[in-house]
Amino acid sequence: MAITERVILSVSGGVEEWKDGLKVMLQTLKAQDDTPAFQEMLIQVKPNLTAPPNIVIIEFKPYAPKEVINAHFVQMLTIEQGTSSEDDLRAQITKFKDLEGCTGVASGLSKDDVDGKGKVFIAAVGWESLEASEKAKESKGVVLSGAESHHVNFRFPIKGFHGL
């Protein structure tokens, strides 16, 4: 099972007002692996991990809209960019919007190289149901060779957990 984390920052002002703060946050995320708190967290979750956490920072275009994130199921796709351009990959992902049961799409390129293989393209595709997502696999209209796919239910309640 893959777990996807999202962080939503509500900011005021324009890019000039918040870009320095965002830069510090991104630098902190990059450096977090070496912090004692992160190492303690790894000890706590290690029994449930099948691999070390892989944190990828992307800029969704469009910004991951509510109709995607609030869908019953969100299909997270990871594609090694290879020779395809970001625009070509986005054009393929956008075709999902025409399929029955799709609530919307958002996608973007990672800010940094991932696992020494270059940048990766990540897409979030909202679905009304798991069945609609599975049916989309049969569609000949969307061609995504080598895509890694995980279904996530961001609305899944965890009994007893009320946030931080």
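The values are calculated or read from the model by the stated rules, or taken from the named source; none is laboratory data. Since this is a predicted model, take the numbers as computed values, not measurements. Glycine also receives a Cβ, built like all others from the backbone with ideal geometry; neighbour counts cover every protein chain displayed.
Starting from segment 44-58, take each residue that is closer than 20 Å to I122 by Cβ and list its partners that are of a type in the set (A, V, I, L, M) and outside any loop (DSSP other than H, G, I, E, B), counting only C-beta distances under 7 angstrom and pairs at least six apart or across chains.
I55/L29; V56/V120; V56/I122; I57/L26; I57/L29; I58/L109; I58/I122
Here is a list: D115, D87. Which entry is in a loop (DSSP other than H, G, I, E, B) and either loosely packed, with under 12 Cβ neighbours inside 10 Å or within 15 Å of the chain's Cα centre (by Cα) (or both)?
Working: D87 fails: in a loop (DSSP other than H, G, I, E, B).
Only one candidate qualifies: D115.
Kindly evaluate L77 against the criterion of being surrounded by 14 or more Cβ atoms within 10 Å (Cβ to Cβ), under 29 Å from D34 (Cα atoms) and modelled with pLDDT of 90 or more. Even if it seems obvious, please write down each step before you answer.
On the way: surrounded by 14 or more Cβ atoms within 10 Å (Cβ to Cβ): yes; under 29 Å from D34 (Cα atoms): yes; modelled with pLDDT of 90 or more: yes.
So L77 passes the test.
Across segment 90-112, which residue is modelled with the lowest pLDDT among those that are aliphatic (A, V, I, L, M) and either part of a strand (DSSP E or B) or out of contact with any strand residue (DSSP E or B) (no Cβ under 8 Å at 6 or more places or on another chain) (or both)? Even if it seems obvious, please write down each step before you answer.
Filtering segment 90-112 for residues aliphatic (A, V, I, L, M) gives 91, 93, 99, 105-106, 109.
After this cut, where a residue has to be either part of a strand (DSSP E or B) or out of contact with any strand residue (DSSP E or B) (no Cβ under 8 Å at 6 or more places or on another chain) (or both) as well, the list is 91, 99, 105-106, 109.
On the way: A91: 91, L99: 93, V105: 94, A106: 91, L109: 87.
The qualifying residue modelled with the lowest pLDDT is L109.
Restrict the check to segment 64-73 and report whether at least one residue is surrounded by 19 or more Cβ atoms within 10 Å (Cβ to Cβ), free of Cβ contacts under 8 Å to residues at least 60 places away in the same chain and either over 19 Å from the mean Cα position of the chain (by Cα) or closer than 26 Å to K30 by Cα (or both).
No: segment 64-73 contains no residue that is surrounded by 19 or more Cβ atoms within 10 Å (Cβ to Cβ), free of Cβ contacts under 8 Å to residues at least 60 places away in the same chain and either over 19 Å from the mean Cα position of the chain (by Cα) or closer than 26 Å to K30 by Cα (or both).
In the set S129, S139, which member is of a type in the set (S, T, N, Q) and at pLDDT 85 or above?
Working: S139 fails: at pLDDT 85 or above.
Unique residue meeting the criteria: S129.
Quick check, is T83 among the polar types (S, T, N, Q) and modelled with pLDDT of 85 or more?
Working: among the polar types (S, T, N, Q): yes; modelled with pLDDT of 85 or more: no.
When the stated conditions are applied, T83 does not pass them.
Scan segment 118-154 for residues that are not hydrophobic (A, V, I, L, M, F, W, C) and not in a loop (DSSP other than H, G, I, E, B) and jot them down.
Initially, segment 118-154 is screened for residues not hydrophobic (A, V, I, L, M, F, W, C), giving 118-119, 126, 128-129, 131, 133-135, 137-141, 145-146, 148-151, 153.
Within segment 118-154, G126, E131, S133, E134, K135, E148, S149, H150, H151 qualify.
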